[in-house]
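As structure tokens, the structure follows; a few thoughts come after it.
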Amino acid sequence: MTETSNGTSARRNRLLPLRAVLRPQVVLPLASLAAFLSAWEAVGRSVNPLLFAPPSRVVGAFIDLLRSGELLTATATTLNVLITGYALAILVGVPLGVVMAQARTFGALVNPYFYGIFATPRVVVVPLIIVWFGVGYTGRLFLVFLWTMIAISTTTADGVRNARPDLVEVARSYGVSQTQLVRHVLLPGAVPFVVSGLRIGAERAVVGVVIGEMFLQLTGLGGIIVVNASQFQTAHMLVGVVTIAVIGTVLIGALDLLERRFSSWKTTSN
Amino acid sequence: MTTGMLRTKRIRSRMAWVPKRRAVHHVLFALALLVVWQLFSGVVGPLFLPPVDAIAAAFFDLVVTGQLPRALGQSLVLLVVGLLAATAIGFFFGILIGRSRIAHWTLSPYFSALFVTPTVALVPLVLIWFGFGFTGRCLVVVLAAVVPILLSVSSALRDDPGELVEVAKSFGLRGELALLRHVRLRAADGKAQAAHDDRHGRAVVGMAVAETYLRLGGIGGLIRSYGSLFQTDYVFAAILPLSFLGIGLTALVGRVERRFQGWQS
């Protein structure tokens, strides 16, 4: 008697994680992915396996690129520029945003130019960057830095401008200095805006790295894409595309979560 | 609440003289920039930074010879066709994903992946799979522009306008499609517009990317060919209209958006 009840509870315990796994939000994406990959495998093989690179070939190319060390070197090159440019953009963008919000006239004057640069597709600026910085590391860094910096500084300025006037007034009435006001009232209030700037900036940064590697200097993951595309090595090219997509997903997904956590602040501060 | 009211009051009383002064500031700042630019280009040389008058001359030349209008025309056709296709596809899948949880779980991961993958990285793939005729170039614009449209439609539809649906049902409106057309889409309209400026930016980027990659026509091709000749004055003269295109589209969308918002309330 006790043994059977023990048996059923043990079975239930074993089933519990299984049931959690079997939820539709887990099963459906996996089933859809399986269906997508097998359809691609079937179509790719029957039409032209070289050109349409079915998943099995992409996996083969992945192992190939991993063994030769090419993939790791390329990823390191890409991440180096991405992280350095992004960090520089934060270091310059946040203080500049504060200045743009504090010195209102300066902010209003600079804003349209920032906006114009931000609206200009980066691929067409590539010829100018070649002339200004050459085709090396600096040029690629600039492609990441400038556009990310603009995203971060304009959102930071928005956040500082949206500071609660009552808090500013209270702080002023206690006679705080300008730096204290920025540090203890304006910047904390601007955090949700800065975080969304970081997310938008990250999107821009990932694109900037890839543009630099595809149009300026054939290196990194963008280089893998272009070089293999010109040799019609679709499978190898797709390894580059997927790796970039993974980097983008991790970076932007993390910032997205962060932004969602801070967005409740945004509504209360308004 | 009170602070907000106070603020609008203050802004309104300032309204009368602020725009005029601000315009003067902007003009002066632009003139100062141009002067600095001109002086700086004298220092670093015309290849590094072409002087303002050379850019103006290049712009005039591009317009008179018809190169710029022709390229701009080609680009605009690509942009409009691509945007229309992206809007149609985005609305279709956006409605599907917004209304059906099954569609949400099976389809949205692909669109999220597409969203974070830079469009440039997909261009060689499109080239190999679809060629670089008009179809291939359109596809690049669609790939760039479709996800923001889809996301704004689906997220707007997910917030169910429950009361409106109830009212419509009590007036005898039946069927998911009819409800979709008459109630849900209209209720969502204001929100669906909200993400549009991002979407137009992305469409312009897709257009430029498609044209630049193979130097095939359009304004992207024009810039690429002058760039490879290191004629920076012509490069600048051709980039400026593209920047204005991006800004103009966003302004246009902002105006449409405001109209829809007025309509909604």
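Laboratory data are not the source of any read-out in this text; all were calculated from the coordinates shown. This one's a predicted model, so the numbers in the text were calculated from it and none came from an experiment. For neighbour counting, all protein chains shown are included, and Cβ atoms are generated from backbone atoms with ideal geometry for every residue, glycine included.
Can you bin region B:52-154 into rounded, prolate or oblate? Criterion: square roots of the alpha carbon gyration tensor eigenvalues sorted a ≥ b ≥ c, rounded for a/c under 1.5, prolate for a/b above b/c, oblate for the rest. Because a/c hits 1.5 or more and a/b exceeds b/c, region B:52-154 counts as prolate.
Projection of the Cα convex hull of region A:122-270, averaged over all directions and equal to a quarter of that hull's surface, yields 10.8 nm².
Counting, for every residue in A:105-118, the Cβ atoms of other protein chains within 10 Å of its Cβ and taking the mean gives 3.
What the phi angles of region A:196-206 give under the Karplus curve with 6.51, -1.76 and 1.60, with θ = phi - 60°, is a coupling list of 5, x, 4, 5, 4, x, 5, 4, 5, 5, 4 Hz, glycine and proline written as x.
Distances between every pair of Cα atoms in chain A, grouped in 10 Å steps from 0 to the bin holding the largest one, split as 6, 21, 23, 20, 15, 9, 4, 1, 0 percent.
Footprinting exposure proxy ranking of B:TYR213, A:TYR137, A:TYR174, fewest other C-beta atoms within 10 angstrom first, gives A:TYR174, A:TYR137, B:TYR213. Sorted ascending by nearby beta carbons within 10 Å, beginning with the fewest, A:LEU186, A:LEU22, B:LEU240, A:LEU28 become A:LEU22, B:LEU240, A:LEU28, A:LEU186. Dividing the mean sequence gap of close Cα pairs (under 8 Å, 6+ apart) by how many residues region A:125-270 holds gives a relative contact order of 28 percent. Counted by neighbouring Cβ atoms within 10 Å, the residues B:TRP129, A:TRP147 run from fewest to most as B:TRP129, A:TRP147.
Between B:ALA88 and B:VAL167, the C-beta separation translates, for a Förster distance of 35 Å, into a calculated FRET efficiency of about 0.75.
Both radii were evaluated on the Cα set of region A:75-201; the Rg over Rh quotient, with Rh as the Kirkwood radius, amounts to 1.07.
Taken over region B:29-106, the ratio of Cα radius of gyration to 2.2 N^0.38 Å equals 1.99. For chain A, the 222 nm mean residue ellipticity estimated from helices alone, with every DSSP H stretch of n ≥ 4 adding -39500 (n - 2.57) and the total spread over all residues, rounds to -28500 deg cm²/dmol. Going by the alpha-carbon gyration tensor, a ≥ b ≥ c the square roots of its eigenvalues, is region A:104-169 rounded (a/c under 1.5) or, if a/c is not under 1.5, prolate (a/b greater than b/c) versus oblate? Taking the square roots of the gyration eigenvalues as a ≥ b ≥ c, region A:104-169 is prolate. The mean number of partner chain beta-carbon atoms within 10 angstrom of a residue's beta-carbon across peptide B:122-134 is 4. Extending 7 Å from the Cα toward the beta-carbon at both A:ARG183 and A:TYR115 defines two label points whose distance is 3.4 nm. Averaging the sequence gap over all C-alpha pairs within less than 8 Å and six or more residues apart, then dividing by the number of residues, gives chain A a relative contact order of 23 percent.
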